[in-house]
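These notes concern the structure reproduced below.
The values are calculated or read from the model by the stated rules, or taken from the named source; none is laboratory data. Please read these numbers as outputs of a predicted model, since none were measured by experiment. Virtual Cβ from ideal backbone geometry, glycine too; neighbours counted across all protein chains shown.
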């Protein structure tokens, strides 16, 4: 029988495939009676002859990192959702929950490309920006691209949060993974900020509320709110408003570019990062986005009007979740809670320690190289998902060019390097790697003592399964006359193929690997390497003599471990190798179901982006006093009559002082004058408004009038000479007095 041949082994320059290592893939014309597979002087197949004497199973506990109770509970919630998805799709590799990282990358690219298209047709200014968007909505292609831009942005936030949730319950944030965790939070915040500024750019009633929220933030945290309000009052309705929208666009673009930088930071420590999803995800997601965007255009709200409060809007809760709480006491609680939650989660790598078995007090183990056994074959360095192993030139007289060096700062203790070394030269911590065989011997002896008629089934699984479905079987179980024993490893990638075949030689009736589904391994590539070793596509690989041996593999969600314990169906020998593969064959029907589910989710998202909102329970009226240059009303008081004592600017409503601001006379010098803004909401109806300047020895009135205010009306009392002509100083007072006399 002929086997497919392989490419040359993946090794560093100087490593000799014949004397240092085996090939990384099966060789192109191999025959059943000839296979060059180098054996080390010490290997898992030969062992050291101890057969478990003098060691105990507790020693292997030093490798383990049991899951925290809170993470197990979080994962149970996720598994409850994933289970029906897997069942409906029928092919676990098509479960979108397992691909949140690459999908987020793809969506980020779509947002960038569609944003670039929209930029080509955008203009800047209160009127110009709104009209530019209106023209886009009038053209099919631009309308479609705008909808894709919005829905892809929302999907990016959702996918990023799902990815963060999965990272959280898998506890993938400690040690070397802290940078990816922290940068992921920064990336999410930047994407959110870019989305908010994108809504702001449209300058509709939704943007008006975003603008009001920003002004409230400036009032509470900086002294710059009056200057911005005075500027907006001056440029509203003119062509001079373009700098404001241009700045918002600059912030929008800058946030997106910085988010791209944080994405690079997010994956910089990973080897072989998954930049993009597979082709079927690229095509399927693209089609779903186009169809949903075509059938659900985003539309437009009325243009922003700074003289009128919006009565009704629609809002996107993925970006503008805070709008229903703006201006209410709940807003402080919302933002305070979000800031505390974000800070706590961001600091989680330092606040939460890895859980250890109760009998183990040592810190979590790191990879350690047994120098005398290392042949410099480079397999461990190639397999490590985090770059924690490096090959350096050897100078100790050994006949090999390289030796492996472990970097404890990058190691996460997954043990994949242990499974990649058939020379038994890598271990975790101070525990000898041969202890793995001692544990196998102990498990086999314990199970064989029960004299099961059908023999013993030995299962190797990971901590994730041990925390869920494998939990009831960790102490062993009898299943239809077969004893089942479970060996828990940090990752199934830590199981060397020679260890599995040696267990068969020691009396196991079947050896099984139970790992995580495709693209769902806690350690990124542990299940991939385990599968490829078992199907003889990566070294160290299962020996040819055991290609069709009863070594099986199941790639299950952690709550489905019971399938492994159930009696194994009889598999013909010639099919056993292929049955170990992780990705099951899928058809167009599986793809159709997967993307139908995605389309359903996208439609729900599209509907949620237009939730109705009434910003004000009872639409008030607002009196807004805008004094761009407060020195103007006092211009007649100069020289000996100059004001030198503090001045009280008071807005009186219906005879009662509503707002008072004390002004330092130094601020009223023409060269130093700063804008002043007073605002007061009112119940709509008729009100008598008075605005006065008061000092220690004089008082004069700037405004005194009875007016009827409609619901939502913003009455602006504006003393900016650029908008009110000569209505300032004596001239303004004379005109007001004349108007009052006439009324």
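What the table shows:
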{"quantity": "Where residue 554 falls short, out of the listed (1) touching a helix residue (DSSP H, G or I) at 6+ places or on another chain (Cβ under 8 Å); (2) under 30 Å from residue 298 (Cα atoms); (3) in a strand (DSSP E or B)", "calculated": "(2)"}
{"quantity": "Residue 381 assigned to a helix (DSSP H, G or I) and in contact with a strand residue (DSSP E or B) (Cβ under 8 Å, 6 or more places away or on another chain)", "calculated": "yes"}
{"quantity": "Filtered residues of region 131-142 (kept if under 18 Å from residue 303 (Cβ atoms) and either under 24 Å from the mean Cα position of the chain (by Cα) or crowded, with 17+ Cβ neighbours inside 10 Å (or both))", "calculated": "132, 133, 136"}
{"quantity": "Positions within region 697-722 being more than 15 Å from residue 625 (Cβ to Cβ), outside any strand (DSSP E or B) and at pLDDT below 85, in sequence order", "calculated": "697, 698, 721, 722"}
{"quantity": "Hey, residue 501 surrounded by fewer than 21 Cβ atoms within 10 Å (Cβ to Cβ), in contact with a helix residue (DSSP H, G or I) (Cβ under 9 Å, 6 or more places away or on another chain), closer than 23 Å to residue 543 by Cα and not assigned by TED's automatic domain parsing to the domain that holds residue 269 or not", "calculated": "yes"}
{"quantity": "Whichever residue in region 656-687 is at pLDDT 90 or above and loosely packed, with under 13 Cβ neighbours inside 10 Å and, among such residues, is nearest to residue 223 (Cα to Cα)", "calculated": "657"}
{"quantity": "Residues within region 287-342 that are part of a helix (DSSP H, G or I) and within 26 Å of the chain's Cα centre (by Cα), tallied", "calculated": "22"}
{"quantity": "Helices (runs of 4 or more DSSP H) within region 53-139 that include 3 or more residues touching a residue at least 24 places away in the same chain (Cβ under 8 Å) and within 30 Å of residue 205 (Cβ to Cβ)", "calculated": "100-119, 126-137"}
{"quantity": "One residue from 556, 597 being over 30 Å from residue 481 (Cα atoms), within 29 Å of the chain's Cα centre (by Cα) and buried (at least 17 other Cβ atoms within 10 Å of the Cβ)", "calculated": "597"}
{"quantity": "Test: residue in region 288-303 that is buried (at least 20 other Cβ atoms within 10 Å of the Cβ), touching a helix residue (DSSP H, G or I) at 6+ places or on another chain (Cβ under 8 Å) and farther than 20 Å from residue 150 by Cα", "calculated": "no"}
{"quantity": "Test: residue in region 495-509 that is under 41 Å from the mean Cα position of the chain (by Cα), closer than 23 Å to residue 365 by Cβ and not in a helix (DSSP H, G or I)", "calculated": "yes"}
{"quantity": "Members of region 80-99 found to be within 21 Å of residue 167 (Cβ to Cβ) and surrounded by fewer than 19 Cβ atoms within 10 Å (Cβ to Cβ), listed by number", "calculated": "80, 81, 83, 85"}
{"quantity": "Restricting region 450-475 to residues that are in contact with a helix residue (DSSP H, G or I) (Cβ under 6 Å, 6 or more places away or on another chain) and more than 16 Å from residue 495 (Cβ to Cβ), the residue that is surrounded by the fewest Cβ atoms within 10 Å (Cβ to Cβ)", "calculated": "468"}
{"quantity": "The lone exception for residue 400 - which of (1) out of contact with any strand residue (DSSP E or B) (no Cβ under 8 Å at 6 or more places or on another chain); (2) surrounded by 14 or more Cβ atoms within 10 Å (Cβ to Cβ); (3) within 25 Å of residue 169 (Cβ to Cβ) it fails", "calculated": "(3)"}
{"quantity": "Enumerated helices (runs of 4 or more DSSP H) restricted to region 158-255, each holding at least 2 residues that are in contact (Cβ under 8 Å) with a residue 60 or more places away in the chain, within 20 Å of residue 114 (Cα to Cα) and out of contact with any strand residue (DSSP E or B) (no Cβ under 7 Å at 6 or more places or on another chain)", "calculated": "178-201"}
{"quantity": "Test: residue in region 437-449 that is surrounded by 22 or more Cβ atoms within 10 Å (Cβ to Cβ) and either within 30 Å of the chain's Cα centre (by Cα) or assigned to a strand (DSSP E or B) (or both)", "calculated": "no"}
{"quantity": "Only one of 633, 612 that is closer than 26 Å to residue 714 by Cβ, at pLDDT 85 or above and either in the same structural domain as residue 683 (by TED's automatic domain parsing) or under 29 Å from the mean Cα position of the chain (by Cα) (or both)", "calculated": "612"}
{"quantity": "Number of positions in region 403-430 that are in contact (Cβ under 8 Å) with a residue 40 or more places away in the chain and under 25 Å from residue 542 (Cα atoms)", "calculated": "16"}
{"quantity": "Selection from region 340-365 of residues that are closer than 12 Å to residue 413 by Cβ and either at pLDDT 95 or above or surrounded by 18 or more Cβ atoms within 10 Å (Cβ to Cβ) (or both)", "calculated": "364, 365"}
{"quantity": "Residue among 376, 387 that alone is buried (at least 24 other Cβ atoms within 10 Å of the Cβ) and either outside any loop (DSSP other than H, G, I, E, B) or at pLDDT 90 or above (or both)", "calculated": "376"}
